[in-house]
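Asker: Here it is, the structure in full.
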Amino acid sequence: MAIEHKVRLVEALFDRLEIEITAFQSETHIFCNAGCGKCCSKPNIEASPLEFLPWAFHLFLNGLAEETLAELNNTSNKNCHLYRPLSVLEHHKGKCSNYRYRGLICRLFGYAANTDKYGKLRLATCKIIKEEQQDNFNTAEELINKGQYVPIFTDYYMQLAQIDLKMGITLLPINEALKMAIEEVLHYYAYRPFPGGLENIA
């Protein structure tokens, strides 16, 4: 399957998720605090290369893939390469430098559920939301228990894997996933012409 087609499928999956999350938010009133980057600043985030394929393809189209790959290869920082903290002193406050192309894990966390050992759906969200939006969190849990639809991590990762099994089920430290996504695009186009009709996008 062509890289362009995989990118379109991943983006379509993200678009469906966005609709579901918006509906879930309107029912529960759960939201991320403005400027909070605590979950993004953790060094142990794992992701699959496939969820960052649209980002890597975007870099490639704009002539930034090789430069970004070099940056990733030359850093020892374990925090997500896309996360930009406000300052060294306020590392937990910041933003994604390429929010439009953030990964599936970034989209799901806070607004999706996991299944616990008893088979019950539990909202996977941060301590800040649980403590500072306690009423909204409790309402969300109650609604989920009553059958309110909530996106589920495993469901979305299974759908991702249907696009490309190897890239979809491989979970790596997030910067390794970013690197592999770029490498996949660069390898694909090493002996192929630039994607037709997209020559002037940059």
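Asker: Take CYS96 and decide whether it is touching a residue at least 60 places away in the same chain (Cβ under 8 Å) and closer than 28 Å to GLU27 by Cβ.
Answerer: Here the answer is no, as CYS96 does not meet what is asked.
Asker: What is the one condition in (1) touching a Leu at 6+ places or on another chain (Cβ under 8 Å); (2) within 25 Å of PHE31 (Cα to Cα) that HIS91 does not satisfy?
Answerer: Failed condition: (1).
Asker: Pairs please, first residue from region 167-187 and outside any helix (DSSP H, G or I), second anywhere and open to solvent by 30 Å² or more (accessible area, probe 1.4 Å) and of a type outside the set (S, T, N, Q), Cβ atoms under 6 Å, 6+ apart in sequence or on different chains.
Answerer: Final answer for the pair search is LEU171/GLU46.
Asker: Mind listing whichever residues of region 93-132 are part of a strand (DSSP E or B), under 16 Å from the mean Cα position of the chain (by Cα) and buried (at least 20 other Cβ atoms within 10 Å of the Cβ)?
Answerer: The answer is ALA112, ALA113.
The values are calculated or read from the model by the stated rules, or taken from the named source; none is laboratory data. Only a predicted model underlies this, so the values are computations on that prediction, with no experimental measurement involved. Neighbour counts are summed over all protein chains in view; Cβ atoms, including those assigned to glycine, are modelled from backbone coordinates with ideal geometry. Keep in mind that these areas ignore ligands, DNA and RNA; they rest on the heavy atoms of the full protein, side chains included. Shrake-Rupley method; radii C 1.70, N 1.55, O 1.52, S 1.80 Å.
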